[in-house]
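For reference, the structure discussed in these notes is given below.
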Amino acid sequence: MEFKKVAQETAITLQNYLTYQAVRLISQQLSETNPGQALWLSEFSERHPVQASDLYLEAMMAENKELVLRILTVRETLAENVLEFLPEMVLSQIKQSNGKHRRSLLERLTQVDSSSTDRAQANSVESDLSEDSE
């Protein structure tokens, strides 16, 4: 497996998500303290998708340098506080989810197997009955 490539792509996805969370947090703060700037940020975010965070931030640099610095600061603070817990939380959640899905799959497989067995037994009984009637 290409663990390093998966890790790099995961890091990019996480960076984009933390940028999104930073923008969301700042937008909430601005809606209380500076509604005009909150509206501007909302409109900017509609024109520039935050999912591609580097492109989003580059586009914002051309229009609002102060807000870019705020987003960078909040994103870094989120990363510092979230990443400490992330590996253990992700692994734990994946194990729980996998266990749930495996149980569900096992239940479905045993239901299919038991219904197939029931059908096979019913066919056998029908065949025995038809042989007896002949």
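A few notes on this one:
- Annotation for the range 17-34: no member residue is of a type in the set (Phe, Trp, Tyr), surrounded by 11 or more Cβ atoms within 10 Å (Cβ to Cβ), touching a helix residue (DSSP H, G or I) at 6+ places or on another chain (Cβ under 7 Å) and on the phi < 0 side of the Ramachandran plot.
- The selection criterion, being closer than 16 Å to Ser53 by Cα and free of Cβ contacts under 8 Å to residues at least 60 places away in the same chain, holds for Asn64.
- Conditions (1) surrounded by fewer than 16 Cβ atoms within 10 Å (Cβ to Cβ); (2) in a helix (DSSP H, G or I); (3) touching a residue at least 12 places away in the same chain (Cβ under 8 Å); number of the one not met by Thr10: (3)
- Among the helices (runs of 4 or more DSSP H) confined to the range 17-111, the ones with at least 3 residues that are under 25 Å from Ala7 (Cβ atoms) and out of contact with any strand residue (DSSP E or B) (no Cβ under 6 Å at 6 or more places or on another chain) are located at 53-61, 65-82.
- Enumeration of residues in the range 71-82 that are surrounded by 12 or more Cβ atoms within 10 Å (Cβ to Cβ) and not polar (S, T, N, Q): Ile71, Leu72, Val74, Arg75, Glu76, Leu78, Ala79, Val82
- Applying a threshold of 8 Å to beta carbon distances and a minimum spacing of six or more residues, or different chains, the list of pairs starting in the range 25-38 at a residue that is modelled with pLDDT of 95 or more and ending at one that is assigned to a helix (DSSP H, G or I) and not aliphatic (A, V, I, L, M) reads Ile26/Arg70; Ser27/Ser42; Ser27/Ser45; Leu30/Gln37; Ala38/Ser27; Ala38/Ser31.
The values are calculated or read from the model by the stated rules, or taken from the named source; none is laboratory data. Quantities reported herein were computed from a predicted structural model and do not represent experimental measurements. In this analysis, Cβ positions are derived from the backbone assuming ideal geometry, glycine residues included, and neighbour counts consider all displayed protein chains.
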